[in-house]
Structure formats: C-alpha cells, structure tokens
Amino acid sequence: MADRIRIFSNGDQYRTWQHNNCDRCVKRPTCPLEEAIASACVRDGTIAQDIATRLGMPDDDRGRWWCKELQTWGTPEPKPAAREMADAGAAELPGFGGES
C-alpha cells in the first residue's frame, strides 16, 4: 500500500484549502483530488502520497494553500477515458461533451 500523509492539521486548514481551490475550480464536483480530500476528512485524515504530490504537498510551500491542478476558467480537461473515446470516434452525448 502506498504511503499516506496528513495534509491538514485541523478543519480550518481544510476550509481554507476548499475556499482557495475547490470552491473556485471548474472541475468541481468531479475532481478526483477534491474527492480524495473530502474522503480523508471523514476517515483518518490522510491521503495517498501520489494525490498529495498532484496537489503540491507537502514539499512545496505554495502547495500548502494552492492546488497545482486548479483550473478557474474554461471547461475542465476531459478525463483520459473520454479523450480515448473521442479519439476513437465515439459520439458525444448532449450535455456530456463540454459544449457551452
């Protein structure tokens, strides 16, 4: 099992993170990083090291408060499976293709 780390020492740090990042991100509510953090909050408070690295924690001081994958404009990047299906010529269903 991968190493797990605690990225917040209390609920205030979690709420600050949410305010600075997830609350402003266009990937919400389907972001796997947000899902991992929320899950940690109701479990043991730890996340997998690979998720922490994607967030920019704990090595990067900036990462303590700013997500490396924060996207505040445009539409979210399609997930790898959606990209593969589009490349294979699969039809996009209305409401699922990211159209405005």
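What ranking of S39, S9 emerges when the number of other C-beta atoms within 10 Å of each C-beta is taken as an exposure proxy, fewest first?
By the 10 Å Cβ count, ascending: S9, S39.
Take W65, W73, W17 and order them by how many other Cβ atoms sit within 10 Å, fewest up front.
Exposure proxy ranking, most exposed first: W73, W65, W17.
Taking the stretch 4-87 on its own, what percent of its Cα-Cα pair distances exceed 21 Å?
When all Cα pairs of the stretch 4-87 are counted, 28 percent exceed 21 Å.
Bear in mind these aren't lab numbers, they're just calculated from the coordinates by the rules spelled out. Quick caveat, the model's predicted, so the values are computed rather than measured. No Cβ is skipped: glycine too gets one built from the backbone with ideal geometry, and neighbour counts run over all protein chains shown.
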